[in-house]
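A quick write-up on the structure given underneath.
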Amino acid sequence: MMFDQISEYDFQFPVTARLDEPFLSKFLRTKNYVVDEAFKSIRRYYANVKRNLSFINGIRPSDFTLAMNEGPLVILKQRSKGRRVGTIHASKWIPKEMSLRDIQLSAIILYETVIEEQQTQEKGVVVIFDLKGLSFEQARFLTPRELKRILLTGQDGVPAKISEVHIINQPPLYWAVHKISLSFLKEKIRQRIHLHYSNESLHKHIDPAILPSTLGGVLSEKESRDEELLQQIFSKNMYYERFWNAGKAPKHGKLRRKRSSNGDLLMVSHPNSVTT
C-alpha cells in the first residue's frame, strides 16, 4: 500500500486528525484491504467524531478511573478464535455512582486501544451483553437519543469488525430497548446478534475457559480481565487528550484516492497527524 501525496480528495476536519500510515492501515485490515471500503470507513469514523465532538472533547483515561476499573465494560484477557472479547455487565452500573457518559467514554477509550492491535484488526471483536440486573433506574437513561449515539459509535465510530454480539439474561424490560436499538443497526450487524437464555447456549459460541464465573466460565473476574491492557491505557493519557482536543487551532489532514498504473485503487495521505 502506497501513501504518496497526490490530490484527488481533501478530507478536512476541525481537530488534529490522525492520518498516519499505521492509523490508515488498521482501516485497510478491517476491510480486508478493499481500499474503497476502507476509505468510506475512515470518512464514517471522522463523521462520528465530528458529530460527538462536544461529547469527547479532551477526554483522558485518568478521568474515568472508576468506570475503567469497576465499570460494566470488561476486556477479557484471552481471545475467542483470535478475536478480542468485551463483556458488558448491567449489574455493575449504579447510576448514582457512575454516569452513562463515563461508561460511554471509557468504552470508546477501550475500543480505540484494542483496535490498535493488528490481530484485532484482522480477526475482529466479540461483545457479550450480560443484562442480569438491568433496572428501570438504568433504562430511563437509555433514551432513543443516547441509544443512537452508543450504537452509531460502536457501528461506525471505530474501525473494527464486529464478529458477534451475544445477549444473555434478558429481563422483560430489555425488549423495549431491543426494538429501538434494531432501528439504528445495519442489517449485517443485526444478523450477528445471538440471544441466549442460558450460559450453556452462550458456551456453544464462546469457550467457558476464557469466561468469568458470572457467565458460567471457569475464571474469577480478576483472572478473566486484561489488567495489562488497562495499564497500557492509563499510560497514554496525553495521547488521548491531544487526539480528541478540539481546543487547539484547526488542523487538516488530507486523505486521497488514486488509481495505480495497473488499475488498483490506492489510499494515500498528507497528514498533519497525532501519532501514538
Report task. May I ask you to evaluate 6.51 cos²θ - 1.76 cosθ + 1.60, the Karplus curve with θ = phi - 60°, for each residue of the stretch 26-31 and list the ³J(HN,Hα) values in order in whole Hz, giving x for glycine and proline? Result -> 5, 5, 5, 5, 5, 10
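Can you tell me the accessible area per residue over the stretch 152-219, all protein chains present, probe 1.4 angstrom, in square angstrom?
On a per-residue basis, 48 Å².
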**Report entry** Rounded to whole Hz, the Karplus (6.51, -1.76, 1.60) HN-Hα couplings of the stretch 204-211, x for glycine and proline
**Finding:** 5, 10, 10, 5, x, 5, 9, 9
Requested in this report: Determine the share of the stretch 142-243's accessible area contributed by carbon and sulfur atoms, expressed in whole percent, with a 1.4 angstrom probe.
Outcome: 55
Query raised in the report: Which sequence of 222, 77 reflects their accessible areas, 1.4 Å probe, from the largest down?
Result: 222, 77
Query - 5 angstrom amide H check on residue 73, placed H, neighbours 5+ away - result: 89
**Report entry** Tensor-based shape of the stretch 40-185 (alpha-carbon gyration tensor, a/c under 1.5 rounded, otherwise prolate or oblate)
**Finding:** rounded
Query raised in the report: residue 80's amide H: which non-local residues (gap 5+, or another chain) put their own amide H closer than 5 Å, with H modeled 1.01 Å from N in plane and none for Pro or chain starts?
Result: 85
Report summary line: Under the rule rounded for a/c under 1.5, else prolate if a/b exceeds b/c, else oblate, using alpha carbon gyration tensor axes a ≥ b ≥ c, the stretch 15-107 is classed as oblate
Query raised in the report: Stretch residue 188-residue 81 to full length: gain in nm at 0.36 nm per residue minus the Cα-Cα span?
Result: 36.5 nm
Query raised in the report: List the trypsin sites (Lys or Arg not before Pro) in the stretch 114-160 that DSSP assigns to loop (not H, G, I, E or B) and whose Cβ has at most 11 other Cβ atoms within 10 Å. Which are they?
Result: 140
Query raised in the report: From the backbone phi of the stretch 225-238, what are the Karplus-calculated ³J(HN,Hα) couplings (6.51 cos²θ - 1.76 cosθ + 1.60, θ = phi - 60°) in whole Hz, Gly and Pro given as x?
Result: 8, 8, 5, 5, 4, 4, 5, 4, 5, 5, 7, 10, 3, 5
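Within the stretch 129-228, report the chymotrypsin sites (Phe, Trp or Tyr not before Pro) that DSSP leaves as loop and that have at most 12 other Cβ atoms within 10 Å.
Of the chymotrypsin sites (Phe, Trp or Tyr not before Pro), the ones in loops of the stretch 129-228 whose Cβ has at most 12 other Cβ atoms within 10 Å are 197.
The values are calculated or read from the model by the stated rules, or taken from the named source; none is laboratory data. Small disclaimer: the values here were computed from a predicted structure and weren't measured. Heads up, the Cβs are rebuilt from the backbone with ideal geometry, glycines too, and the neighbour counts pull from every protein chain shown. The protein model used for the area step is the full one, side chains on, heavy atoms only, and it has no ligands, DNA or RNA in it. Shrake-Rupley method; radii C 1.70, N 1.55, O 1.52, S 1.80 Å.
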